[in-house]
Amino acid sequence: MLFESYLESERQGKKEWSERRWNYNLKSSGIFGWVAREDDYNGLGLVGDHLRKNGDLKTINELSNEGSSKTDKLLANLESQIEVKSKHLMELETMYNQTTLSLSNMMQQRDELFANYNTEIKKMQKLAQDHSRKVIEENMTLRNELEQKRKELDESSHRLNKMAVRNDMDKRELEQERQRNVLKNDSLDLAEREQKKADANVLRLVEEHKREKENALNKILHLEKQLDAKQKLELEIQQLRGQLEVMKHMDDDSEVENRIDGLEEELKEKVEDLEDIEALNQTLIVKERKSNDELQEARKELINGLSDMQTGQRSLIGIKRMGEIDEKAFQRACGLMNLPKSEVDVRAMELCSKWQDEMKKQEWQPFIRVTVDGKSKEVIDKDDERLTELRAELGQDAYNAVATALLEMNEYNPSGRYTVKELWNFKEGRKASLKEVVDYVIKQWRNNKRKR
């Protein structure tokens, strides 16, 4: 309205425009303007056509109500967006709290694992120290006994020399006795040298075993530390990402933007640390595989050595052919048949050889896969046709012997289907550890030394 009043005062309103429009003697210069009303809207000419084409005729109240309606819609839309943003922010806060609680629980579990691990390490170190000290003490005792015998022989030789001076008649006999003593001394010297070599080998084996065990334990500890660090970094990265999501949905201001930039930089550093740890873990895994290969080589050497040492009598620690059927089960089964005693062993050997050949056939796969304690593994199919016939013909004992050999072959050599040598604890019926085998070899060596 002020605009219209100003143009009227400047004589550039609707009235002046109408006068100049129909009076060609008056020059039209400048801009004319006014507020369009009903008569303008319904009028003829360019002005009416323009108003009807580009606008609607409304009262002042209608214009006021239309502005209020648009304002209300805008406010309702903004309130809806604020509610959605608030709900999303609450969800992010809940996720952040859950992640923080999970991190606390994992850190507590890690501390408990480290405490248990340190306790076990101390126990193993004490056992190794006691074992080494015992070996050294026994070697010292044997060395002292040998030295005492040497002294006794020296004294005997000295007495014989005196007797030779006093009695020429017994010179020949004394000379012979002296020669026997010299031979005994030579034998003792040789025995002492052999004992020193054996002691050195035993100590070397003990030290190597101790060093390998400590290296393996240190590698396990280092891997566990690296794993804990990796898990901690992953949790920190998740936590930082959660904080970034929360910060991004907060009001924009310079402090929040600076905080977001700082969190993004910290997140980038954590991701780089995680990549470094993963690379280090790969290196440690390669070294661990190399150590395992070396232990497997040592295990093969022990298997070859025990194979040479073994006699017909079964010992507590020895070599077992995994996948080989126990012939005694077939001997017992044949003993229940109406066969002459002279034919029992022959028949048992034939049946055992037959089933050993059956096991080598790749097409025979009498296994089924089951889940035990959440882990999938293969077991004997009790409904297998061949095994069912074996049980019916020779009984449960022979069936168990073949089933056991099948499981062993499936574990140790499922592709080649031939027997594999393994270090075995026959007393407990399980695979023997390297420590058990070394202790057994040392014990056998001592027993053989005492017999000599």
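The values are calculated or read from the model by the stated rules, or taken from the named source; none is laboratory data. In this text, all values refer to a predicted model and were calculated from it rather than measured experimentally. In case anyone asks, the SASA skips ligands and DNA or RNA and just uses the protein heavy atoms, side chains included. Shrake-Rupley method; radii C 1.70, N 1.55, O 1.52, S 1.80 Å.
For the reader, a short list of remarks on this structure follows.
- Accessible surface of region 56-138 [probe 1.4 Å, protein heavy atoms]: carbon and sulfur percent: 57
- Solvent-accessible area per residue, Å², over region 300-452 with all protein chains present [probe radius 1.4 Å]: 64
- Among the listed pairs LYS53/LYS73; LYS15/LYS53; LYS134/LYS421, those beyond 29 Å (Cα-Cα): LYS134/LYS421
- Over 26 Å (Cα to Cα) - which of LYS341/LYS427; LYS328/LYS435; LYS320/LYS360; LYS122/LYS270; LYS287/LYS435; LYS354/LYS382 fall in this group: LYS341/LYS427; LYS328/LYS435; LYS122/LYS270
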